Amino acid sequence: NNVTSNKSCFISFKRNVVYASEYIESLLVSNPETMNNDDPDGNVRYMGADPNNYVSFNNELWRIIGVFKDIDDGTGKKETRIKIARSESIGNYAWDSNEVNEWPTATLNTYLNGTYLPNLTSDAKNMIGDALWNLGGNSTSSFYANDYYTFERGTTVYSGRSTTWTGKIALMYPSDYMYAGDLSKCSSDGYNWDGDTTNCRDTSWLRNTSTAQWTLTPTASDSLLVFRVNSAGYVGNNSYVNDAYASRPVLFLKSDVQITGGDGSQSNPFTLG
């Protein structure tokens, strides 16, 4: 009887596990003033100038971009997973010092996944899952967030370039930056966010006021250009890949990662387990 009772308790405990994606989505839904779920797939994201989306990862401060549905691990298996970005850049690097806007062979990709990743803590490395990253681009930058989201997941690329890449660490998309802002107050396209300061650029916590930041998205009409988020707040598509800009690692946690503590504030970030 004791064995049966213990087994029953164990099964009950396992059923009550709340994964990080479930916890964060529930938290956002209950605090709609910090939630954006307007992208075409209804992914749930943190928005605002400084929401409580801080998380301790690799013994550093990172931030939760949001909860994303149907993330492919590269094998066709799709799950709901949390996407996080390092709170600060790891430094200014060229996107590709060989002057090719092809992410699978980019020198920044090689650095992030070949040098930076192996030096993370063992706990951090065990929490990162492979993901299929979309590499669709465009030729101009005067788009709204939903337009960016759509073409990022499309197949318009410079001749011969890849449309997807499977791996662990990449960069944010232009749409990530824009959806982190309060779009209910912003009527400008990404290229003109610098002119709408209080409603667009100043409501996105992903903005860096000191330096431009690389994104993952290549320019489709040129072999040398990539989209960036400028320190002034606008999204541009004309940055040369061998220029050095802030490089902010972005990744998807595995689906079984849990929130184990914290309230998401900078002084008491979420902890993971």
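The values are calculated or read from the model by the stated rules, or taken from the named source; none is laboratory data. Please read all numbers here as calculations on a predicted model, not as lab measurements. A quick note on method: Cβ atoms are made from the backbone with ideal geometry, for glycine too, and the neighbour counts reach across all protein chains shown. Heavy atoms of the whole protein, side chains included, go into the accessibility calculation; ligands, DNA and RNA do not. Shrake-Rupley method; radii C 1.70, N 1.55, O 1.52, S 1.80 Å.
Structure data summary
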{"read-out": "For region 28-48 versus region 243-268, the gap between their alpha-carbon centres in whole angstrom", "value": "17"}
{"read-out": "The chain, helix-only ellipticity at 222 nm - DSSP H runs n ≥ 4, -39,500 (n - 2.57), divided by all residues, nearest 500", "value": "-5000 deg cm²/dmol"}
{"read-out": "Spatially near lysine pairs across the chain, Cα under 18 Å, sequence gap of 8 or more or different chains", "value": "16"}
{"read-out": "Gain in span if fully extended, Arg153 to Ser26, counting 0.36 nm per residue against the direct Cα distance", "value": "43.1 nm"}
{"read-out": "DSSP-assigned coil residues among trypsin sites (Lys or Arg not before Pro) in region 181-273, each with at most 13 further Cβ atoms within 10 Å", "value": "Lys185"}
{"read-out": "Sequence of Cys200, Cys186 when ordered by accessible area, the most exposed leading, probe 1.4 angstrom", "value": "Cys186, Cys200"}
{"read-out": "Calculated Rg and Dmax of region 83-223 using C-alpha coordinates, Å", "value": "15.6, 44"}
{"read-out": "Inter-label distance, nm, simple model (7 Å from Cα along the C-beta direction), Leu61/Lys78", "value": "3.6"}
{"read-out": "Accessible solvent surface per residue of region 156-219, calculated while the other protein chains remain in place, 1.4 angstrom probe, Å²", "value": "35"}
{"read-out": "Area of Thr121 that stays accessible when all protein chains are in place (1.4 Å probe, Å², to 10)", "value": "50"}
{"read-out": "Principal axes of region 84-134: Cα extent on each, largest first, Å", "value": "35, 25, 18"}
{"read-out": "Viscosity 1.306 mPa s, temperature 10 °C, Stokes-Einstein D of region 158-273 from Kirkwood C-alpha radius, µm²/s", "value": "100"}
{"read-out": "Percent carbon-and-sulfur accessible area, the chain, ignoring ligands, DNA and RNA, probe 1.4 Å", "value": "43"}
{"read-out": "Choice from Asn101, Asn119, Asn53 showing the highest fluctuation, given a GNM over the chain with Cα pairs closer than 10 Å", "value": "Asn119"}
{"read-out": "Candidate residues Asp196, Asp256: accessible-area rank, largest first, probe 1.4 Å", "value": "Asp256, Asp196"}
{"read-out": "Cα radius of gyration and Dmax for the chain (Å)", "value": "19.0, 71"}
{"read-out": "For region 161-182 and region 78-153, distance of Cα centres in Å", "value": "6"}
{"read-out": "Exposure of Leu27 as accessible area (Å², to 10), given a probe of 1.4 Å and all protein chains", "value": "50"}
{"read-out": "Rounded accessible area per residue of region 15-100, 1.4 Å, Å²", "value": "47"}
{"read-out": "Label-point gap, in nm, between Lys254 and Asn268 - each point 7 angstrom along Cα→Cβ", "value": "2.9"}
{"read-out": "Residues with amide H under 5 Å from that of Trp133, placed H, sequence gap 5 or more", "value": "Trp165, Thr166, Gly167"}
{"read-out": "Probe 1.4 Å, all protein chains present, accessible-area order of Asp194, Asp39, Asp50, largest first", "value": "Asp50, Asp194, Asp39"}
